């Protein structure tokens with residue numbers, strides 16, 4: 001890692017704080033835990049800082065999961081106060097999501113950084129396409145399927161999300177709305193799912209990263225404490241604002257812009273690994 005001047009460190013700190021603000025608002029607005037913003041930003045920042053590519057994506061994912069502990073708590077609390085968290089569903093679904101998290105985190109801890117980057121890139125493209133091209137009201141069914149399909153869906157949401165370093169909203173919201181869930185309740189419930197993902201996901205990122213070579217300075221396993229401490233305050237304070245906006249405006253135009261950002265990011269990550 002190259003030495004940084006005080007000016008460069010100041011720019012980096014400001015960028016991380018700004019990332020936290022944007023991530024917090026997005027977490028509250030779309031129920032995505034902020035990780036879908038944090039991971040690519042950390043990925044590019046760590047690339048610029050010459051962090052070893054072998055651990056770069058692992059640290060971006062682990063650090064993002066750690067920030068969701070705070071961002072997701074703030075966002076879920078805000079939605080819960082508004083009655084938009086489906087506690088009955090969470091009571092029936094949490095264990096399948098948690099099993100998926102354990103499986104996904106174990107796989108993530110044992111594959112290369114390039115493979116982990118490809119997972120993020122391809123899923124980001126799929127999510128972007130869903131946001132741009134899926135028509136409002138296009139549902140697969142009028143309600144969630146019964147067992148065991150419902151549990152398989154929860155397992156996949158947990159497993160894929162933890163490998164991407166994201167909260168449950170990126171996959172949880174489109175999944176729930178496919179089964180005719182009201183969008184605001186889907187967003188609120190997905191924010192709570194983010195905590196089910198982030199708690200074991202963070203712990204396992206720390207565990208698998210202990211003793212890894214060429215980690216960034218001040219890292220605890222695959223969780224970089226500098227990024228964590230800079231992003232957390234901004235994201236935690238801004239998450240309730242996003243939740244408030246979600247209940248007052250039509251976010252369709254914002255979702256389109258976000259989908260374009262996500263598609264571009266996915267393509268750039270895939271290109272960087274394969275070419």
Which of the residues spanning region 218-238 are outside any helix (DSSP H, G or I) and surrounded by fewer than 18 Cβ atoms within 10 Å (Cβ to Cβ)?
-> 218, 220
Kindly indicate whether any position in region 53-71 is farther than 16 Å from residue 224 by Cα, touching a helix residue (DSSP H, G or I) at 6+ places or on another chain (Cβ under 6 Å) and surrounded by 20 or more Cβ atoms within 10 Å (Cβ to Cβ).
-> yes
Quick check: anything in region 118-129 in contact (Cβ under 8 Å) with a residue 60 or more places away in the chain, over 30 Å from residue 203 (Cβ atoms) and surrounded by fewer than 20 Cβ atoms within 10 Å (Cβ to Cβ)?
-> yes
If we scan region 162-169, do we find a residue that is within 27 Å of residue 81 (Cα to Cα), out of contact with any strand residue (DSSP E or B) (no Cβ under 8 Å at 6 or more places or on another chain), part of a helix (DSSP H, G or I) and in contact (Cβ under 8 Å) with a residue 40 or more places away in the chain?
-> yes
The condition of being in contact with a helix residue (DSSP H, G or I) (Cβ under 9 Å, 6 or more places away or on another chain) and buried (at least 24 other Cβ atoms within 10 Å of the Cβ) holds, among 39, 85, only for 39
Note: among 33, 24, just one is at pLDDT below 90 and either touching a strand residue (DSSP E or B) at 6+ places or on another chain (Cβ under 6 Å) or under 19 Å from residue 104 (Cα atoms) (or both), namely 33
Hey, any hits in region 107-116 for a residue that's in contact with a helix residue (DSSP H, G or I) (Cβ under 9 Å, 6 or more places away or on another chain), buried (at least 24 other Cβ atoms within 10 Å of the Cβ) and closer than 22 Å to residue 243 by Cβ?
-> no
Do we have residue 98 as within 16 Å of residue 167 (Cβ to Cβ), over 15 Å from the mean Cα position of the chain (by Cα) and either in contact (Cβ under 8 Å) with a residue 60 or more places away in the chain or buried (at least 18 other Cβ atoms within 10 Å of the Cβ) (or both) here?
-> yes
Being in contact (Cβ under 8 Å) with a residue 40 or more places away in the chain, surrounded by fewer than 21 Cβ atoms within 10 Å (Cβ to Cβ) and part of a helix (DSSP H, G or I) is the filter here, so list the residues in region 132-154 that pass it.
-> 132, 150, 151, 152
Hey, does region 239-257 have a residue that's in contact with a strand residue (DSSP E or B) (Cβ under 8 Å, 6 or more places away or on another chain), part of a helix (DSSP H, G or I) and either free of Cβ contacts under 8 Å to residues at least 40 places away in the same chain or under 24 Å from residue 184 (Cα atoms) (or both)?
-> no
Which numbered condition residue 168 fails, given (1) under 21 Å from residue 222 (Cα atoms); (2) touching a helix residue (DSSP H, G or I) at 6+ places or on another chain (Cβ under 8 Å); (3) modelled with pLDDT of 90 or more = (3)
Only one of 81, 50 that is out of contact with any strand residue (DSSP E or B) (no Cβ under 8 Å at 6 or more places or on another chain) and on the phi > 0 side of the Ramachandran plot = 50
Residue 107, sole failed condition from (1) closer than 19 Å to residue 169 by Cβ; (2) part of a helix (DSSP H, G or I); (3) in contact (Cβ under 8 Å) with a residue 12 or more places away in the chain | (1)
Per the list (1) surrounded by 15 or more Cβ atoms within 10 Å (Cβ to Cβ); (2) assigned to a helix (DSSP H, G or I); (3) more than 17 Å from the chain's Cα centre (by Cα); (4) at pLDDT 90 or above, residue check on residue 215 breaks on (2)
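The values are calculated or read from the model by the stated rules, or taken from the named source; none is laboratory data. Quick caveat, the model's predicted, so the values are computed rather than measured. Ideal geometry is used to build each Cβ from the backbone, glycine not excepted, and the neighbour counts take in all protein chains shown.
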